[in-house]
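Reading through the structure tokens given below for one structure.
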Amino acid sequence: MKYRTILLFGAPGAGKGTQGRILGTIPNFFHCACGDVFRNLSIEGPVGLTFVEYSSRGELVPDEPTIELWRQSIAANTATGRFRPKLDTLVLDGIPRNVPQAEMLKDTLNVFAIFYLRSTNSQSLVQRIQRRAIRENRLDDASLKVIRRRLKTYEEETKPVLHYYGRNLVHNINADQIPAKVLVDILRHVVKV
Ligand code: ADP
């Protein structure tokens with residue numbers, strides 16, 4: 001059975017996590033942010049160490065451990081009843097993050113909408129990321145060099161995922177608006193499908 005899935009897409013700092021967390025509070029939606037799954041790992045374990053190594057450089061964690069960890073997380077949430085695949089829409093944020101990951105998940109996900117949170121202002125993205133660094137104590141947000149690397153990784157590796165799924169599924173959302181307005185724009189489409 002494939003999971004009925006919405007993807008939240010956009011550059012680091014575009015607000016995917018904020019929107020995902022809100023959507024996840026609506027009955028029959030389950031939010032899963034891949035970055036949170038990594039951050040919840042013990043950094044003493046092998047995958048935790050790999051995560052720290054790559055994310056502190058602003059690079060993506062290799063695909064195999066990423067997909068494996070993500071599958072385990074979804075299985076655990078299914079086992080505990082937090083995610084009910086037959087009833088719930090999966091709201092994914094941060095995965096698939098490149099075309100090989102989208103390929104690896106093609107038999108698992110039934111992606112029916114992609115919300116592309118677009119910002120015209122890369123300076124404001126950087127500022128949002130820097131504010132978050134302090135609030136959430138994130139290593140990968142701490143230095144400007146790592147933030148720039150992350151934005152470059154997004155352009156080069158993540159953006160092609162949009163073409164992989166095709167423009168028909170993509171809804172452009174203005175990410176420069178206040179979060180409540182971004183949410184309204186997303187929900188307007190969600191209630192239609
Ligand atoms: P952001 O949206 O700000 O980039 P995330 O919390 O989504 O932050 O991700 C933080 C870091 O975790 C990424 O820079 C990357 O190193 C790692 N990561 C998260 N999701 C994935 C993924 N699907 N594949 C590979 N690495 C990932």
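Quick rundown of the values:
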| item | result |
| --- | --- |
| Number of positions in segment 31-44 that are exposed (fewer than 15 other Cβ atoms within 10 Å of the Cβ) and either part of a helix (DSSP H, G or I) or at pLDDT 90 or above (or both) | 1 |
| Residue, farthest from the ligand (Cβ to nearest atom), within segment 1-59, restricted to residues that are out of contact with any Leu (no Cβ under 7 Å at 6 or more places or on another chain) and among the charged types (D, E, K, R) | GLU44 |
| Contacts under 6 angstrom Cβ, first residue in segment 93-104 being within 12 Å of TYR165 (Cα to Cα), partner more than 7 Å from the ligand (Cβ to nearest atom) and modelled with pLDDT under 95, 6 or more apart | none |
| Where ASP63 falls short, out of the listed (1) near the ligand (Cβ under 10 Å from one of its atoms); (2) within 14 Å of the chain's Cα centre (by Cα) | (2) |
| Hey, GLN123 over 28 Å from ASN168 (Cβ atoms), among the polar types (S, T, N, Q), within 14 Å of the ligand (Cβ to nearest atom) and exposed (fewer than 15 other Cβ atoms within 10 Å of the Cβ) or not | no |
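The values are calculated or read from the model by the stated rules, or taken from the named source; none is laboratory data. All values derive from a computational prediction rather than experimental measurement. Positions of Cβ are generated from backbone atoms using ideal geometry, with glycine treated the same way; all protein chains shown enter the neighbour counts.
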